[in-house]
Amino acid sequence: MCGETLLQQMLLLKGIRVQRWRLRECMHRLDTAGVQARRTGRLHRRVYNVMGPNHLWHIDTNHKLVRWRFVIVGGIDGFSRLITFLKCTDNNTSRTVLDCFFSGVAKYGIPNKVRSDKGLENVSVANYMYMLIQKGPNSMVTGKSTHNQRIERLWRDVYEGVLSYFYNLFYFMEDEGYLDPLKLTNLAALHFVFMDEINRKLQFWAEAWAGHRLRTVNSSPLSLWTSGQLQNAVGITEGEANLQDYGIEGYVDQNDVEEGERPIFGPLAHMISDQCRLDLTQQLIRSNTNFGIDYYLECLEVIERNN
């Protein structure tokens, strides 16, 4: 479960107003363990050294659902913690990551710098920053994933708020014998049924995140981003004496081990032919009853019949 301020913002998006003290009491009754975990999980961070919005974006891919070939691609503005893009895809190619990055650029503008880990999926974004818009060789800052805390911390919240539901559901489907992640037809049916639903929940969560108050600064990410544009927009430069430390916060172990390369895998869209997709849309009625499992089984039957 998410924190009380984020939950309050989610309810407001649905037109429901609840006093915060009531939410707090409710959460203590229903999620005592979660409340305690969030208290003990607070981090003591070093001072963040980014001066304004769009000065630095942190980008990354989240692989919590990769067992079922779902990859979450995300970006966050370092100064305001506004989510600039967040999307579930069926692959982690560099082209897909770049397309997601472009969706953020179209909405919020081009960042001055981007921080990422050294994964191959970030190569196209690096090439774009280096050459196509000529931001210079320092426009892409790469390092260990432990140096990318802004988005690593965001992933924890995204998992609690959105991904954990699907993580538990898909494992339940495996345990019941409905889903085999080693069969491409099963994955194709799973993606057809749940991909759009995951993205809808991610977008709703991102909207709630943009409007919820951050405890440390007593303002929302969207308010910080908007006011920061007026006070210190991109164009006012900061010192770059140590570029590798730019955008790092918290206590960092300089002796931590580099992660191995993540494998790159292509999309699953080719698994469903145009005729099969037509059959799925014409013969079946989308239903969320039984958590979408019944609809998944119907789709699986159609896909296997067409293969």
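List the residues whose amide H sits under 5 Å from the amide H of N49, counting only those 5 or more places along or on another chain, with H placed 1.01 Å from N in the peptide plane.
Under 5 Å from the amide H of N49: G247, I248.
Between beta-carbons, use under 13 Å as the cut-off and find the net charge around L12, counting Lys and Arg +1, Asp and Glu -1.
Working: positive: K14, R17, R20, R213; negative: E4, E207.
Around L12, the surrounding residues sum to +2.
Restricting things to Cα coordinates, could you compute the convex hull volume per residue of region 56-231 in Å³? All intermediate terms of the calculation are to be shown ahead of the outcome.
Details: hull volume 21.5 nm³, N = 176.
Looking at region 56-231, the number lands at 122 Å³ per residue.
If the reach is capped at under 24 angstrom between alpha carbons, list the lysines near K144, excluding any in the same chain fewer than eight residues apart.
Here the lysines satisfying the reach criterion relative to K144 are K64, K87, K113, K118, K135.
I need the calculated FRET efficiency for the pair Q19 and M131, taking r as the beta carbon distance and R₀ as 41 Å, to the nearest 0.05.
On the way: r = 53 Å, r/R0 = 1.30.
Between Q19 and M131 the formula returns 0.15.
Listed highest first by mean packing, meaning other Cβ atoms within 10 Å per residue, what order do 95-108, 62-75 come in?
62-75, 95-108
Quick one: what does P(r) look like for region 120-193 with 5 Å bins over all Cα pairs, in whole %?
3, 12, 13, 13, 12, 14, 13, 10, 6, 2, 1
How large is ³J(HN,Hα), in whole Hz, for each residue of region 164-181 in order, when computed from phi with the Karplus curve 6.51 cos²θ - 1.76 cosθ + 1.60 and θ = phi - 60°, using x for Gly and Pro?
My calculation for region 164-181 gives 4, 4, 6, 4, 5, 5, 5, 5, 4, 4, 5, 4, 7, x, 7, 9, 10, x Hz in order.
Check each of the chymotrypsin sites (Phe, Trp or Tyr not before Pro) in region 115-181 and keep only those in coil by DSSP with at most 12 other C-beta atoms within 10 angstrom; list them in order. Show your work: numbers first, answer last.
Details: sites: Y128, Y130, W155, Y159, Y165, F166, Y167, F170, Y171, F172, Y178; in loops: Y178.
Within region 115-181, no chymotrypsin sites (Phe, Trp or Tyr not before Pro) qualify (loop, at most 12 other Cβ atoms within 10 Å).
Which ordering of S145, S80 is given by a fewest-first count of other beta-carbon atoms within 10 Å?
Listing S145, S80 from fewest to most nearby Cβ atoms yields S145, S80.
Tell me which residues come under 5 Å, amide H to amide H, from F85 once H is placed; ignore anything under 5 positions away on its chain.
Amide H to amide H, under 5 Å and 5 or more residues apart or across chains, F85 pairs with G75.
Relative to the Cα centre, what is the charge dipole magnitude of region 56-231, using +1 at the beta carbon of each Lys and Arg, -1 at the beta carbon of each Asp and Glu, and rounding to the nearest 20 debye? Mind showing how you got there, number by number?
Working: 20 positive and 16 negative charges, 147 e Å.
Here the size comes out at about 700 debye.
Using Cα pairs under 8 angstrom and six or more residues apart, how large is the relative contact order of region 56-231, in percent? Could you put the intermediate results ahead of the total?
Numbers: 240 pairs, mean separation 39.7, N = 176.
Over region 56-231, the number comes to 23 percent.
Starting from the Cα of L230, step 7 Å toward the Cβ, then list every residue of region 100-124 with an amide N under 18 Å from that point.
No residues fall inside that zone.
With a 10 Å Cβ neighbour count serving as the proxy for reagent exposure, in which order, fewest first, do E207, E4 appear?
Fewest-to-most ranking of E207, E4: E207, E4.
Any read-out appearing in this document is the output of simple, stated calculations on the displayed coordinates, not a laboratory observation. Small disclaimer: the values here were computed from a predicted structure and weren't measured. FYI the Cβ positions are ideal-geometry reconstructions off the backbone, even for glycines, and counts take in every protein chain you see.
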